Amino acid sequence: MITAEIPVTPAAPTPPVLARRAWVEHVMGTAVSVHVRAVEPTRPDIEAGVQRVFAHLRRVDRVLSTWRSDSDLLRLQHGEVDEVHAWVADVTELCLEAEERTDGLFAAWRARRGERTVFDPTGLVKGWAVAGAAAHLDVVPEIAYSIGAGGDVVVGAGPGPGAAAPVWRIGLEDPRRPGTVAQVVSLRRGAVATSGAAQRGGHVLDPRRGTPVTRPGSASVVGPDLLWADVWATAAFVDPERAAGLLAERDPEYRLHAL
């Protein structure tokens, strides 16, 4: 009889069971939802991180809203103040970069007939704001998170191994059949932004003509940063063919889903 040791491969550790908790607040003119996956989603540090997310968005609204007469942006435009929050300058620079990067398919300056040119960064601010708010959850350990704001979504995870595995499945709504999902995008980290006219009508302007874009369909962009996903989604809804070529050339990390 011959005996020998038979190597035994140790069993892989059982992945933790993650529970989910959700928060919803109305801020910046839209419903913002935060979903967190964690072993114990009622932890105080998670609650504190989520509250910092909403506080960040409320602060952005106070500084950059084009609807609030007391925002820093409108008070500056109306000549009521000379000094404003540094975010106004930051967003202005980003809008200039976005216009250059998209060859003018995205623009924050619009001229009304017979009136002066108006700076309206609304098309960039939401994505920029939510991306900035998400940073407050990036430092919370052992969680995965998703933040949704008016159809745009950013997902990520805090430090530590506990939340490394979860994948978020994000449905892209069929613009011709409201309430139905046309495609599903799976992400661990990154963002999805969608632009179209199905929900809000012709709110997207073609900067080349100054007229609303009312065509059917939608444009969704998936990539690492919600700010640029949002900018490219707007540009792609204005001119899908032109934006697709620019996107492949200038921001290949982002993917366009035209529906």
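The values are calculated or read from the model by the stated rules, or taken from the named source; none is laboratory data. Computed from a predicted structure; not experimentally measured. Note that we place each Cβ from the backbone using ideal geometry, even for glycine, and neighbour counts take in every protein chain shown. Quick note on the areas: whole protein, heavy atoms, side chains included, nothing else; ligands and nucleic acids left out. Shrake-Rupley method; radii C 1.70, N 1.55, O 1.52, S 1.80 Å.
Things to note:
- Sites residue 96 and residue 59, calculated FRET efficiency, Cβ-Cβ separation with R0 35 Å, nearest 0.05: 0.95
- Rounded tilt (10° steps) of 226-238 against the dominant C-alpha axis of the chain: 50 degrees
- Quarter of Cα convex hull surface for region 143-259, i.e. mean projection, nm²: 7.5 nm²
- Residue 180/residue 110 FRET efficiency (R0 35 Å; Cβ-Cβ; nearest 0.05): 0.55
- Just checking the listed ones, 44, 121, 166: in the Gaussian network model of the chain with Cα springs under 10 Å, the one fluctuating most is 44.
- Tail beyond 25 Å, pair distance distribution of region 58-160 (Cα, percent): 31 percent
- Using 0.36 nm per residue and subtracting the Cα-Cα separation, the extra length available between residue 253 and residue 198 on full extension is 17.1 nm.
- Residue ranges 141-147, 70-76, 228-234 sort as 228-234, 141-147, 70-76 when ordered by packing (mean number of other C-beta atoms within 10 Å per residue, highest first).
- Here the dipole of the chain is about 860 debye; that uses its Cα centre as origin and unit charges on the Cβ of Lys and Arg (positive) and Asp and Glu (negative).
- The length gained by stretching the chain between residue 86 and residue 48 to full extension, at 0.36 nm per residue less their Cα-Cα distance, is 11.2 nm.
- With the whole protein complex present, residue 136 retains an accessible surface near 50 Å², based on a 1.4 Å probe.
- When you restrict to C-alpha pairs under 8 Å that are six or more residues apart and normalise by the size of the chain, the relative contact order lands at 15 percent.
- Identified option (computed volume of the Cα convex hull per residue in Å³; candidates [x] 191; [y] 179; [z] 126): [y]
- Between region 212-259 and region 23-77, the Cα center-to-center distance that results, in Å: 25 Å
- Packing rank of 185-191, 204-210, where each peptide gets the mean count of other beta carbons within 10 Å, highest leading: 185-191, 204-210
- For the chain, the mean residue ellipticity at 222 nm estimated from helices alone is -10500 deg cm²/dmol, where every DSSP H run of n ≥ 4 contributes -39500 (n - 2.57) and the total is divided by all residues, rounded to the nearest 500.
- Modelled label reach - residue 138, point 7 Å along Cα→Cβ, region 51-75 residues with backbone N closer than 17 Å: 52-54, 56-57
- A straight chain from residue 119 to residue 24 at 0.36 nm per residue would run longer than the Cα-Cα distance by 31.2 nm.
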